[in-house]
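Since the structure comes first, as structure tokens, the remarks are kept for the end.
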Amino acid sequence: MLSGIAVTALKSITRNGRIAIIGLVSGTTAPLDSTDMLLRNYTAVGVRATPNDDMAAEAAVWHHLADLAERGAIRTPVGAVYGFDQVPQMIGDQAAPDAGKTVITASW
């Protein structure tokens, strides 16, 4: 059975949005409707958390990213932060978003 969070996320995605599929916490995949994706012009990407299941390589990647962030070499401008329960408000605010990425926080 698909988790309620996945169903809500798929229903909430906005036109020209993107959904990142990061894991399978519920043990099932999210059903993606290609017609819905076409009509709302959104994309879905799969994100693999570990490079080839090599823990040493993963640690090296995270160490390198942390070093770049500490030196200020990489930054992601954050425009707004919303809780998962505020997703409808966030969608409404997208008519004129601020500069930077919109962040949705979730906790289980």
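The values are calculated or read from the model by the stated rules, or taken from the named source; none is laboratory data. Fair warning: this is a prediction, and the values are worked out from it, not measured in the lab. Virtual Cβ from ideal backbone geometry, glycine too; neighbours counted across all protein chains shown.
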Picked from the stretch 37-57 (must be without any contact (Cβ under 8 Å) to a residue 12 or more places away in the chain and within 20 Å of the chain's Cα centre (by Cα)), the residue nearest to A9 (Cα to Cα) is M37
The stretch 16-51 - residue that is modelled with pLDDT of 85 or more and of a type in the set (D, E, K, R) and, of those, nearest to V103 (Cα to Cα):
R18
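Do we find that A95 is small (G, A, S), modelled with pLDDT under 80 and more than 15 Å from the chain's Cα centre (by Cα) in this structure? Steps first, answer last, please.
Details: small (G, A, S): yes; modelled with pLDDT under 80: yes; more than 15 Å from the chain's Cα centre (by Cα): yes.
In short, yes.
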Looking at D54, is it among the charged types (D, E, K, R), at pLDDT below 85 and surrounded by 10 or more Cβ atoms within 10 Å (Cβ to Cβ)?
yes
